[in-house]
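Everything on this sheet refers to the single structure shown next.
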Amino acid sequence: MKKSTFVSMILGTIGGILFALGMCMALIPEWNAFRPGVVMGTLGVIVLLIMVLVWRKMENKEPIRLSGKTIGATLIGIAGALLFGIGMCLTMVWSHMVAGIAIGIAGIVVLLCLIPFIKGLK
């Protein structure tokens, strides 16, 4: 295993756990930990962004260039993840099974649309 892959795996795991735990803390009302959850989730996102920068540096890759396509792909990814998360919350937290499943499937479809958007159709 390459050193860059190992470092990315460790940072990705730490960032993912912090983000997921922060989201749980913020979204489960019984825990009464909304503010600490937001802080922990933000810390997880920061660790994940650092992971991307460290990995790109270790692999001698060029810095990410901001273009219209990059911004569009990011916005599509954010929208898909939010739809998917809203669907999960509707299903698991607020017991709206049909609406949650429909919105979750819509989020999955939006995320799947990223593949042809980024790679293109041949």
Give the order of Ser4, Ser95 when sorted by the count of other beta carbons within 10 angstrom, beginning with the fewest.
Ser95, Ser4
Would you mind checking segment 65-100 for residues with the amide N under 17 Å from a putative spin-label position 7 Å along Cα→C-beta of Ile28?
88-95
Mind checking the full-extension length gain between His96 and Met58? Use 0.36 nm per residue of separation minus the Cα-Cα distance, one decimal, nm.
9.1 nm
Determine the dipole magnitude for the chain: charges of +1 sit on the beta-carbon of Lys and Arg, -1 on that of Asp and Glu, nothing else is charged, the reference point is the Cα centre, and the result goes in debye to the nearest 20.
600
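Any read-out appearing in this document is the output of simple, stated calculations on the displayed coordinates, not a laboratory observation. Note that the structure is predicted; figures quoted are calculated from it, not measured. A quick note on method: Cβ atoms are made from the backbone with ideal geometry, for glycine too, and the neighbour counts reach across all protein chains shown.
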